[in-house]
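Heads up: the structure comes next, in structure tokens.
The values are calculated or read from the model by the stated rules, or taken from the named source; none is laboratory data. As the structure is a computational prediction, the values presented were derived from the model and not from experiment. Reconstructed Cβ throughout: ideal geometry from the backbone, glycine too, with neighbour counts over all protein chains shown.
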Amino acid sequence: MFKWKLDRPLAVFDIEATGSTPRADRIVELAIVRLAPDGRRETHVLRVNPGMPIPPEVTQIHGITDADVANCPSFCQIAGKVQELLQGCDLAGYNVVRYDIPMLVEEFARCGVRFDLDGRRIVDAQRIFHRREPRDLTAALAFYCNELHLDAHGAEGDALATLRVLEAEIERYADLPRDMAALDAYCNPRDASWVDREGRLKWVNGAVVLNFGKKKGTPLRHIIRDDPGFIKWMLRGDFPRDTKEIVENAMAGTWPDPPTAGGVVKEE
């Protein structure tokens, strides 16, 4: 039985895809285990035609071939159903912050649908595991549950294994938070000066500045004015969707509201 305090549904999900790059690759299978606050559980497994070949080396990992998905719907054809299944849900998964969520956001965006993460709490079993016992999902299932992961790299098997690990983690670590808001903060520690979720942009003296690469510390406003080629590179590059949206909005003259004084970094 799931023993965390749920004040709204929790969707534990896993994605299998044509590769590991959210911007370039496509989903071929999506499994969602949806838990209700009253303990009800439902599982949905959706196969997707990615509209591109699945590389043989990737098929060797998850076992899904081009023939397996040839007659399946495209993601855009099931986007409404996926959105409905995730409506009002917090999210959980294994390595979900770095892989599954960006992949899902990009797929929705290609269909002209915005998948909004604002207000959703996110729990990543991998981040809990790596902060406690650094390994992968198979090792996590063996360590916490004393079980072999016989269905590794199948979306449903991985989602269910993740749920088993989450349940075992909460049993093992008495000091882990039990409510979703605190778990979200635990899994996703966020610097108050970050403008976007991953900190590619940050606040300095009330201005949005870059927080990566050779232009780190340069105000975004100056780059938009002086280096449009760099902006085009960012918008074409493999940056998170929310980072790109902030840049696109800034180009149109719409800037995010700066944080409270405690979250604004001052230059020396």
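In table form, for the structure just shown:
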quantity	calculated
Within the stretch 47-66, tally of residues that are within 23 Å of the chain's Cα centre (by Cα) and assigned to a helix (DSSP H, G or I)	4
Residues satisfying the stated conditions in the stretch 202-220, i.e. under 25 Å from residue 103 (Cβ atoms) and without any contact (Cβ under 8 Å) to a residue 12 or more places away in the chain	213
Neighbours by Cβ (under 7 Å, 6+ apart or cross-chain): first from the stretch 69-88, over 23 Å from residue 55 (Cα atoms); second not hydrophobic (A, V, I, L, M, F, W, C)	85/34; 85/44; 88/8; 88/9
Scan of the stretch 4-59 for residues that are out of contact with any strand residue (DSSP E or B) (no Cβ under 7 Å at 6 or more places or on another chain), acidic (Asp, Glu) and touching a residue at least 40 places away in the same chain (Cβ under 8 Å), ordered by number	7
Test: residue in the stretch 186-202 that is among the hydrophobic types (A, V, I, L, M, F, W, C) and within 30 Å of residue 39 (Cβ to Cβ)	yes
Within the stretch 160-268, helices (runs of 4 or more DSSP H) holding 3 or more residues that are buried (at least 16 other Cβ atoms within 10 Å of the Cβ) and touching a strand residue (DSSP E or B) at 6+ places or on another chain (Cβ under 8 Å)	180-187, 241-251
Members of the stretch 221-241 that are within 13 Å of residue 208 (Cβ to Cβ) and in contact (Cβ under 8 Å) with a residue 24 or more places away in the chain	221, 224
Residue list for the stretch 1-29, filter: buried (at least 18 other Cβ atoms within 10 Å of the Cβ) and over 26 Å from residue 181 (Cβ atoms)	16, 17, 18, 22, 25, 26, 27, 28, 29
Residue, surrounded by the most Cβ atoms within 10 Å (Cβ to Cβ), within the stretch 144-159, restricted to residues that are at pLDDT below 90 and of a type in the set (A, V, I, L, M, F, W, C)	152
